[in-house]
Amino acid sequence: MAKAELKTVATPGSVADFLAAVPDPRRRDDAALVDALHRRVTGCDPVMWGPSIVGYGSYDYRYDSGRTGTMCRGGFSPRKAAMTIYLTGPYGDRRAEADALFVRLGKHSTGKACLYIKRLSDVDLDVLEKLVALSWAAMNATYPA
């Protein structure tokens with residue numbers, strides 16, 4: 001049996017074109033703000049990962065099963081239901097700091113490594129930037145360049 005190909009890989013697609021094509025004007029404006037925030041925090045130019053993830057930086061991983069891959073260190077996707085921001089999840093010895101930030105963030109929900117925000121106007125953008133920076137630092141500590 002052939003090994004399944006990873007669907008989320010870096011592509012040559014244009015981030016600017018992708019963001020300009022977001023159909024909902026509010027979501028498009030929110031995406032521009034989240035892009036600027038990520039650029040400030042990471043110092044990286046974004047790259048498209050798959051058809052709908054705007055990613056910053058990359059890292060190589062290996063699962064216990066032996067499966068390997070490459071993924072963006074941080075990123076987001078302006079999905080129809082909510083802005084999805086990809087965070088690392090475990091923050092090591094900075095977990096309490098992350099928890100306190102989530103409490104102060106505003107209206108949101110979370111998944112395993114995702115932060116979902118329906119409207120950026122419902123959250124504190126300074127707190128969001130601190131969460132992205134904390135996630136970026138955790139990724140850099142876990143996967144040194």
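Throughout, read-outs are computed from the coordinates displayed, never taken from laboratory work. Here the structure is a predicted model, which is why all the values come from computation and not from measurement. All Cβ positions, even for glycine, are placed from backbone atoms using ideal geometry, and neighbour counts span all protein chains on display.
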For segment 71-121, rounded, prolate or oblate, judged on the Cα gyration tensor with a ≥ b ≥ c (square roots of eigenvalues), a/c < 1.5 rounded, else prolate if a/b > b/c? oblate
Sequence ranges 136-142, 18-24, ranked by mean other-Cβ count within 10 angstrom, highest first: 136-142, 18-24
Have a look at Ala32, Ala16, Pro78 and report the one farthest towards the positive end of the charge dipole of the chain, computed about the Cα centre with Cβ charges (Lys/Arg +1, Asp/Glu -1). Pro78
Take each of the peptides 32-43, 59-70, 94-105, average the number of other beta-carbon atoms within 10 Å over its residues, and list them starting from the highest. 32-43, 94-105, 59-70
Enumerate the whole-percent occupancy of each 5 Å bin, from 0 to the last occupied one, for all C-alpha pair distances of the chain. 2, 9, 19, 23, 20, 14, 8, 3, 1, 0
